[in-house]
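Enquirer: Below you'll find the structure I mean.
The values are calculated or read from the model by the stated rules, or taken from the named source; none is laboratory data. Remember, it's a predicted structure, so these values are computed and weren't measured experimentally. For neighbour counting, all protein chains shown are included, and Cβ atoms are generated from backbone atoms with ideal geometry for every residue, glycine included. Quick note on the areas: whole protein, heavy atoms, side chains included, nothing else; ligands and nucleic acids left out. Shrake-Rupley method; radii C 1.70, N 1.55, O 1.52, S 1.80 Å.
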Amino acid sequence: MKAKKICAGAMALVLSMGTMSAFTGCGSSTDSSSKAVTPEVSQADIKDSFDAKGAKLEVLTNRTDRKEDGKLDALTDKFEEAYNCTVEYTAYKDYDTDVATRMGTDDYGDVLCIPSSLKLEELPTYFVSLGTYDEFKDTYRWSDKKMTADGNVYGLAVGGTATGVLYNKKIWEQAGITETPKTPDEFLADLQLIKDNTDAIPYYTNFKDASWTITQWQNLVLSAAGGAEAENKLLQDKSDLFVEGNGYYEVYKLMYDLFSKPDLLEEDHANTEWESSKVWFGEGKIATMVMGSWAVSQFMEQAENPDDIGYMPVPVTAADGKVYAEEGPDYTLGVSANSKNQDLAKAYVEWFVSDSGFSEQEGMISTVQNKELPSTLSGFKDAVFFEKAVCPDDLVGKFDEIDKESGVGVWQGDEDNFKIKLAEAAFAGKGDDGFNEIIADVNKKWAAARDKVLG
């Protein structure tokens, strides 16, 4: 086993910027016609197609936990040995912001998780094509998610998650709860039962790290909306973002109502502790959090009894009486356009999503088609799983464009974001008036940008 260099996440960065708009014009593109690694090519064929000759790959990742505990290294030993190379991981806690800054230079690693705020049309500037959608669609889930209009795929998912709520089954049972909630009112009532009948904190906000933790609520929106076409319909109907009864309204009204009930939350929102909360959750001191299913395995590792950690569907019932659960990709891995080892980097990407065992280790849905769901999602037996529908050709990229133009930032968690404003208004006890004022402002910005983008 070869020793691997672990790069520091707090590396010196020569540029600073506040938004992803700084991507525009600041990268360099290269000829992406080098051999694409396609599903029909075996790992053995890939290895035989070039000689790594002790090459090094730098991989940028958001998984600070798996870098620190050595699990990424342990997985990667097999790849290094097979390809006679070294893989160096650079992990960032505030991944999108820090990597956006680094992408303002010519050096942003060889393989990296594609920042979620990067526009689809910008992908060819910063990444090389891994292959085409037609080559990948029957082998890998979500291969269209980082696809440009010409059918080229620039990223493959490290794994997938389902949308739902993390909970401590033992605490919920101690509170006398026998069925998982299916409506926001039932969810809030169950949290009140936990407050009344146990010593656990019913809901933990992790608000100190709100730049990413609060965006977990966004994962619930399409499930609450009840279907794969919800986002497309929002554009086709030219609807406001927040309309009573739609996914955005239901999810963020639930968040607002919950955050307006101090007795159901931790005492000090400014001093929450993400890593410690994993331990406290497993000890039964915390009962519930909104997190992607990617978090289940991390909490199980910290629990005194891993079986206490459960995951439930979004507590919203659609108009047809069903509870829906969106499955979708986590971060996607792409190959830097500036990498000097692009073939090796492409081989790493496919190896990671297909053969590394990472998704299985993390309890994630495998990117490889037709694999069984992980046992961590056993609580979803009555939910209807779906994937977000592919966008019609005339609307490709329009949602992201409207989101950028409006400044709404549905996947962002900066201090000016509507999610932070909602949370702070709820903490301050501003009631329904506070909620309505914030969403009215969001709708106004969204409508102006929508009309400009869609005409």
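Enquirer: When you scan the range 321-335, do you find a residue that is under 23 Å from the mean Cα position of the chain (by Cα), more than 29 Å from Ala224 (Cβ to Cβ) and not aliphatic (A, V, I, L, M), even just one?
Expert: Among the residues of the range 321-335, at least one is under 23 Å from the mean Cα position of the chain (by Cα), more than 29 Å from Ala224 (Cβ to Cβ) and not aliphatic (A, V, I, L, M), which makes the answer yes.
Enquirer: Taking Gly455 as the residue in question, decide whether it is in contact with a helix residue (DSSP H, G or I) (Cβ under 6 Å, 6 or more places away or on another chain), on the phi > 0 side of the Ramachandran plot and surrounded by fewer than 17 Cβ atoms within 10 Å (Cβ to Cβ).
Expert: no
Enquirer: Can we say Ala189 is of a type outside the set (Ser, Thr, Tyr), under 30 Å from Cys391 (Cβ atoms) and either open to solvent by 10 Å² or more (accessible area, probe 1.4 Å) or not in a strand (DSSP E or B) (or both)?
Expert: Spelling it out, it is not the case that Ala189 is of a type outside the set (Ser, Thr, Tyr), under 30 Å from Cys391 (Cβ atoms) and either open to solvent by 10 Å² or more (accessible area, probe 1.4 Å) or not in a strand (DSSP E or B) (or both).
Enquirer: Looking at Thr376, is it open to solvent by less than 10 Å² (accessible area, probe 1.4 Å) and of a type in the set (Ser, Thr, Tyr)?
Expert: No.
Enquirer: From the list Thr180, Thr139, Thr125, Thr161, exactly one residue is β-branched (Val, Ile, Thr), touching a residue at least 60 places away in the same chain (Cβ under 8 Å) and in contact with a Phe, Trp or Tyr (Cβ under 6 Å, 6 or more places away or on another chain). Which is it?
Expert: Just one listed residue meets the conditions, Thr161.
Enquirer: Select from the range 295-339 the residues that are farther than 30 Å from Val251 by Cα and without any contact (Cβ under 8 Å) to a residue 60 or more places away in the chain and list them in ascending order.
Expert: Once the filter is applied, which keeps residues that are farther than 30 Å from Val251 by Cα and without any contact (Cβ under 8 Å) to a residue 60 or more places away in the chain, the range 295-339 yields only Glu304.
Enquirer: With the checklist (1) farther than 30 Å from Val410 by Cα; (2) modelled with pLDDT of 95 or more; (3) small (Gly, Ala, Ser) in hand, flag the one item Ser49 doesn't pass.
Expert: It fails just one condition, (2).
Enquirer: Can we say Asp432 is within 22 Å of the chain's Cα centre (by Cα) and closer than 30 Å to Tyr204 by Cα?
Expert: So Asp432 fails the test.
Enquirer: Okay, next question. Identify the residue in the range 379-412 that is in contact with a Ser or Thr (Cβ under 8 Å, 6 or more places away or on another chain) and either among the polar types (S, T, N, Q) or under 21 Å from Gly226 (Cβ atoms) (or both) and, among all such residues, is surrounded by the fewest Cβ atoms within 10 Å (Cβ to Cβ).
Expert: Of everything passing the filter in the range 379-412, Trp411 is surrounded by the fewest Cβ atoms within 10 Å (Cβ to Cβ).
Enquirer: Has the range 162-173 got at least one residue that is of a type in the set (Asp, Glu) and over 20 Å from Asp263 (Cα atoms)?
Expert: No, that holds for no residue.
Enquirer: Another question, if that's okay. For the range 246-279, enumerate the residues that are more than 26 Å from Ser223 (Cβ to Cβ) and either out of contact with any Phe, Trp or Tyr (no Cβ under 8 Å at 6 or more places or on another chain) or of a type in the set (Asp, Glu) (or both).
Expert: Listed by number, the residues that qualify are Asp263, Glu267, Asp268, Asn271, Glu273, Glu275, Ser276, Val279.
Enquirer: Which residue pairs have Cβ atoms closer than 7 Å, lie 6 or more positions apart in sequence or on different chains, and pair a first residue in the range 204-231 that is crowded, with 22+ Cβ neighbours inside 10 Å with a second residue that is in a helix (DSSP H, G or I) and of a type in the set (Asp, Glu)?
Expert: Going by the 7 Å Cβ cut-off, the qualifying pairs are Leu222/Glu231; Ala224/Glu250.
Enquirer: Name the residues in the range 233-253 that are in a helix (DSSP H, G or I) and either open to solvent by less than 10 Å² (accessible area, probe 1.4 Å) or at positive phi (or both), would you?
Expert: Leu235, Gly247, Val251, Tyr252 - these are the residues of the range 233-253 that are in a helix (DSSP H, G or I) and either open to solvent by less than 10 Å² (accessible area, probe 1.4 Å) or at positive phi (or both).
Enquirer: Same structure again: Among the residues of the range 54-96, count how many are in a helix (DSSP H, G or I) and surrounded by fewer than 21 Cβ atoms within 10 Å (Cβ to Cβ).
Expert: 15
Enquirer: Now a separate question. What residue, of Gly429, Gly409, is closer than 24 Å to Glu326 by Cα and either small (Gly, Ala, Ser) or free of Cβ contacts under 8 Å to residues at least 12 places away in the same chain (or both)?
Expert: Gly409
Enquirer: Which helices (runs of 4 or more DSSP H) sit wholly inside the range 101-180 and have at least 3 residues that are of a type in the set (D, E, K, R) and either at positive phi or open to solvent by less than 40 Å² (accessible area, probe 1.4 Å) (or both)?
Expert: none
Enquirer: Would you confirm whether or not the range 353-368 contains a residue that is buried (at least 21 other Cβ atoms within 10 Å of the Cβ), of a type in the set (Asp, Glu), more than 28 Å from Glu244 (Cα to Cα) and touching a Leu at 6+ places or on another chain (Cβ under 8 Å)?
Expert: Checking the range 353-368: not a single residue is buried (at least 21 other Cβ atoms within 10 Å of the Cβ), of a type in the set (Asp, Glu), more than 28 Å from Glu244 (Cα to Cα) and touching a Leu at 6+ places or on another chain (Cβ under 8 Å).
Enquirer: Right, another one. Taking the range 230-271 on its own, how many of its residues are under 30 Å from Asp199 (Cβ atoms) and over 20 Å from the mean Cα position of the chain (by Cα)?
Expert: Looking only at that region, the number is 18.
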